[in-house]
Amino acid sequence: MATQTSSKSPVISVENIYKAKVRLKGVAEQTPLMYNYHLSEHYGCRLYLKREDMQVVRSYKIRGAYNKMATMPKKDLVNGVVCASAGNHAQGVAFACQQMQVHGKVYMPGVTPRQKVRKVKLFGKEWVDVVLTGDTFDDAYHEAKKDADENKKVFIHPFNDERIIEGQGTVGLEILEDCDRSLDYVFVAVGGGGLISGLGSYFKQLSPNTRIIGVEPEGAPAMFESLKAGEPVTLNHIDSFVDGAAVRRVGDLTFRIAREVVDDMILVPEGKVCSTILQLYNEEGIVVEPAGALTVAALDFYKEQIKGKNIACVVSGSNNDITRTEEIKERSLLYEGLKHYFIIRFPQRAGALREFLNNVLGPTDDITHFEYTKKHNREAGPALVGIQVQKREDYDELLQRMDQHRINYQTLNDQRMLFDLLV
């Protein structure tokens, strides 16, 4: 029997989440909860992946978007709906519009990759128009809200809406329905907080002993900082690489719910996320976007706690842009300590580079980047050099050989401003 929520509690009721599940029948897939042998063996636990990457729009976002629109009176939808998004929420709203035959307008930043724009048009068909505006999500959000207010359209918020949260909560309902044993931990990616608020609401009422662990990218810790401060905070700067979970501010409603249902928050470096994306593809054949890899990436930071336990990780989406592959590889190598950049001042004489290759470079070291312009009338000229090593410990030996042969160098990996400027 469901635990009854207090009238003052913001936690979403089990009944409302179940009603959302009924509404979503035939629209959103009941995605599989799959036992993963390799990850279970590696972490010494029993680990399941909730495969929202296999959803019809390749993320869970269709659940909240459709539930929101399906609960609205038809008269409120006559003028259409509006949303602002650079990714999964846009696709969820577009698909909901097509299914319900409601006109929608999706505002996206002008810098949004064409692949994402095409997907929104594909899912929305003739029912959705895409407007590219401004350079940031905030620009698109401002224009979408303006359109909604001036033309009496419904604005579909990506997370800070009770109906949206109910829809996302059906992910938790399905996990509990499909799991063949009691779960000790569920790991959930956190952006604005809609998914963890809905899933956490359901679990805390029907499986209160399950610990709900939120996972954010290190460069966008909006929920982490808000829970620490006891109120929603707005981040001044974020790293938008994990774009599906990178927000400056979580919702007021999602914060209030998260405060009651989240047991712990983990911050994961973006480089670790990249390593996990590659690992899931190479070892499991699973294609995920950065936000979709967050929960699996977090396991290394929780490995002692999960030993011998039953674990579920929500794989939240797979809308990855193939053009990002090289950046993902680069960030992974940097995080793993396998790729290093230097400014090296080579003597401007014949044979200087060959001496470096013969005397300094190790047998498994590889130069992956080299930029050099000869400077006339100078004794030495600077070069930007990228070197990839085979093992993390090879880096220390490389530095020792540089010092031994009196190479004039400066490391760049640990100097963010210079690194971003030159690399």
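Here are some notes:
- Cβ-Cβ under 6 Å pairs, at least 6 apart or on other chains, region 1-21 side modelled with pLDDT of 95 or more, far side outside any helix (DSSP H, G or I) and not hydroxyl-bearing (Ser, Thr, Tyr): 14/2
- Matching residues, region 189-211, being in a strand (DSSP E or B) and touching a Leu at 6+ places or on another chain (Cβ under 7 Å): 189
- Scan region 200-214 for residues that are over 14 Å from residue 294 (Cβ atoms) and touching a strand residue (DSSP E or B) at 6+ places or on another chain (Cβ under 7 Å) and the total you get is 5.
- Failed criterion for residue 129 (all others in (1) at pLDDT below 95; (2) part of a strand (DSSP E or B) hold): (1)
- Criterion applied to 258, 293 was being surrounded by 22 or more Cβ atoms within 10 Å (Cβ to Cβ), touching a Ser or Thr at 6+ places or on another chain (Cβ under 6 Å), without any contact (Cβ under 8 Å) to a residue 60 or more places away in the chain and part of a helix (DSSP H, G or I), and the one residue passing it is 293.
- Test: residue 27 is assigned to a loop (DSSP other than H, G, I, E, B), farther than 26 Å from residue 257 by Cα and touching a residue at least 40 places away in the same chain (Cβ under 8 Å): yes
- Residues considered: 154, 171. Of these, the only one that is in contact with a helix residue (DSSP H, G or I) (Cβ under 7 Å, 6 or more places away or on another chain), β-branched (Val, Ile, Thr) and farther than 13 Å from residue 63 by Cβ is 154.
- One residue from 58, 51 being at positive phi and within 21 Å of the chain's Cα centre (by Cα): 58
- Qualifying residue in region 90-107 (condition: among the hydroxyl-bearing types (Ser, Thr, Tyr) and either out of contact with any strand residue (DSSP E or B) (no Cβ under 8 Å at 6 or more places or on another chain) or part of a loop (DSSP other than H, G, I, E, B) (or both)): no
- Here the condition is being of a type in the set (A, V, I, L, M) and crowded, with 24+ Cβ neighbours inside 10 Å; of 171, 154, it holds for 171 alone.
- Spans of strands (runs of 3 or more DSSP E) in region 342-421 with at least 1 residues at pLDDT 90 or above and more than 26 Å from residue 327 (Cβ to Cβ): 408-411
- Residue list for region 261-285, restricted to those being under 18 Å from residue 213 (Cα atoms) and assigned to a loop (DSSP other than H, G, I, E, B): 262, 263, 269
- Region 89-122, residues that are buried (at least 24 other Cβ atoms within 10 Å of the Cβ) and of a type outside the set (Gly, Ala, Ser): 89, 91, 93, 95, 97, 106, 107, 108, 120
- The single condition from (1) farther than 16 Å from residue 279 by Cβ; (2) crowded, with 22+ Cβ neighbours inside 10 Å; (3) modelled with pLDDT of 95 or more that residue 315 fails is (1).
- Members of region 118-157 that are of a type in the set (Asp, Glu) and more than 27 Å from the chain's Cα centre (by Cα): 126, 147, 149, 150
- Unmet criterion (only one of (1) at pLDDT below 95; (2) outside any loop (DSSP other than H, G, I, E, B); (3) within 22 Å of residue 289 (Cα to Cα); (4) in contact with a Gly (Cβ under 8 Å, 6 or more places away or on another chain)) for residue 165: (1)
- Verdict on residue 214 being at pLDDT 95 or above and within 21 Å of residue 173 (Cα to Cα): yes
- A single entry from 349, 324 fulfils the requirement of being buried (at least 16 other Cβ atoms within 10 Å of the Cβ) and of a type in the set (Lys, Arg): 324.
- Annotation note: of 400, 388, the sole residue that is under 31 Å from the mean Cα position of the chain (by Cα), of a type outside the set (A, V, I, L, M, F, W, C) and on the phi < 0 side of the Ramachandran plot is 388.
- Tallying residues that are buried (at least 24 other Cβ atoms within 10 Å of the Cβ) and farther than 30 Å from residue 287 by Cα within region 55-88 yields 1.
- Boolean, residue 219 is crowded, with 21+ Cβ neighbours inside 10 Å and either in contact (Cβ under 8 Å) with a residue 24 or more places away in the chain or in the same structural domain as residue 305 (by TED's automatic domain parsing) (or both): no
- Which numbered condition residue 146 misses (of (1) out of contact with any strand residue (DSSP E or B) (no Cβ under 9 Å at 6 or more places or on another chain); (2) under 21 Å from residue 242 (Cβ atoms); (3) of a type in the set (Lys, Arg)): (2)
- From 143, 174, residue being outside the structural domain of residue 250 (by TED's automatic domain parsing), at pLDDT 95 or above, not in a loop (DSSP other than H, G, I, E, B) and not aliphatic (A, V, I, L, M): 143
The values are calculated or read from the model by the stated rules, or taken from the named source; none is laboratory data. Remember, it's a predicted structure, so these values are computed and weren't measured experimentally. A quick note on method: Cβ atoms are made from the backbone with ideal geometry, for glycine too, and the neighbour counts reach across all protein chains shown.
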